[in-house]
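Comments concern the structure below.
Only the coordinates and a few stated rules stand behind these numbers; no lab work does. Source: prediction; values computed, not measured.
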Amino acid sequence: MRLPPNVRVAFGPSRIATSAIALAAFSTATLLVSLPLDPVFLGLVLCALTAWAVDRIYVIGLRRGPRAIVEITVTGDRIVVVRTRDDRLRAGYVRGSSYVGARITTLVWRPDGAVRSRSILILPDMLPADDFRRLRVLLRYSRQAQEDSPIELNSS
């Protein structure tokens, strides 16, 4: 069976991700303020929460900064190449725990030589609709092909 063509997509900024991160940070801050905490401790926690939210909005929502993933290439045999804003390339394999849905896709992958897996959040407003569709189809197709492949047993 021939492998499908590679899918290469470039990510753009996402209003959905930016709004969700800001809403999560605001909700958490509101909850923290309602708790009976020492004001100094509360101030430190709110500063840390604000720093986290700004970093996540900057890297995930706006796709800025050297760690931001700006482009991925996925092949039919579940190999992924990730390019970050600072033009570094990392290759790895797509894991079976990736989720493909109509409104959200999470690409779980393990870089070559890494111990832990990483994930990439992909939302519909991060890339053109056709690219989003092609990526989802490839991820579903490659997952189906992997699950349908027969298990080979050694007869020795």
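So the values come out like this:
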| item | result |
| --- | --- |
| Placed amide H near ARG95: partners under 5 Å, 5+ positions off or other chain | VAL108, TRP109, ARG110 |
| Acute angle (nearest 10 degrees) that the helix 15-34 long axis makes with the longest principal axis of the chain, alpha-carbon atoms | 40 |
| Helix-only CD estimate at 222 nm, as mean residue ellipticity for the chain, using -39500 (n - 2.57) per DSSP H run (n ≥ 4) | -12500 deg cm²/dmol |
| Ratio of Rg to Rh over region 1-154 (Cα coordinates, Kirkwood Rh, two decimals) | 1.08 |
